[in-house]
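Have a look at the structure below, then the notes.
The values are calculated or read from the model by the stated rules, or taken from the named source; none is laboratory data. The structure presented is a predicted model; accordingly, all values stated were derived computationally and were not measured. Glycine gets a Cβ as well: all are built from the backbone with ideal geometry, and neighbour counts include every protein chain shown. Heavy atoms of the whole protein, side chains included, go into the accessibility calculation; ligands, DNA and RNA do not. Shrake-Rupley method; radii C 1.70, N 1.55, O 1.52, S 1.80 Å.
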Amino acid sequence: MATANAHVAVHTTDPQTLAYAFNDSPAGLAAWILERRRLWSDHDGDVFDAISRDDLLAGVTLYWIGQSIGTSMRYYWEQWKNPVRIVHDRKPELEAADRDCGFPNDLIFVPRAVAERHANCSAGR
């Protein structure tokens, strides 16, 4: 989580400033996304061991062409102000199938027992 502090701080307090800059600068957008993937991917020092250049550029391109980086950043801000509330009593609360409810290098560690209690972790196994 230490590597995500700046990311979370900006996205939850002032996402529009970066969104305007990233919609104006493909190099800035690419740098922002590459740095996040580098910090949050499972690799031994070279992000391209975990994610191909083509996949990284495809992600940047989708944000750039769709001008959607602001929307994705704004989501954090909205959730920080108004957290999601479960509006049903079904179990698990997160019904969509998820093959795995946690990875060793996740930013926020959720104990498997907690994940399995609230999400459909066993789907597809």
Original post:
Would a scan of the range 75-91 turn up a residue that is aromatic (F, W, Y) and more than 30 Å from A113 (Cα to Cα)?
Top reply: no
Original post:
Out of curiosity, is L29 open to solvent by 70 Å² or more (accessible area, probe 1.4 Å), aliphatic (A, V, I, L, M) and either over 14 Å from the mean Cα position of the chain (by Cα) or at pLDDT 90 or above (or both)?
Top reply: no
**OP:** Run W40 past the list (1) modelled with pLDDT under 85; (2) surrounded by 12 or more Cβ atoms within 10 Å (Cβ to Cβ); (3) more than 27 Å from T13 (Cβ to Cβ) and report the number of the one that doesn't hold.
**Re:** (3)
Original post:
Which residue pairs have Cβ atoms under 8 Å apart, sit 6 or more places apart or on different chains, and have a first residue in the range 17-30 that is in contact (Cβ under 8 Å) with a residue 40 or more places away in the chain and a second that is part of a helix (DSSP H, G or I) and open to solvent by 40 Å² or more (accessible area, probe 1.4 Å)?
Top reply: L18/V10; L18/W32; A19/R74; F22/W32; F22/Y63; L29/N23; L29/Y63; L29/W64
Subject >> Residue check, V87 modelled with pLDDT under 90, outside any helix (DSSP H, G or I) and on the phi < 0 side of the Ramachandran plot >> reply: yes
Original post:
Can you find even one residue in the range 11-31 that is closer than 28 Å to A119 by Cα and touching a Ser or Thr at 6+ places or on another chain (Cβ under 6 Å)?
Top reply: no
Subject >> Inter-residue pairs, beta-carbon under 9 Å, first within 11 Å of N23 (Cβ to Cβ) and of a type in the set (S, T, N, Q) and in the range 69-80, second assigned to a helix (DSSP H, G or I) and open to solvent by 60 Å² or more (accessible area, probe 1.4 Å), 6+ apart >> reply: none
**OP:** Scan L107, L94, L62 and give me the residue that is modelled with pLDDT under 75 and within 24 Å of T12 (Cα to Cα).
**Re:** L107
Subject >> Scope the range 54-70; condition buried (at least 18 other Cβ atoms within 10 Å of the Cβ) and not in a helix (DSSP H, G or I); matching residues >> reply: none
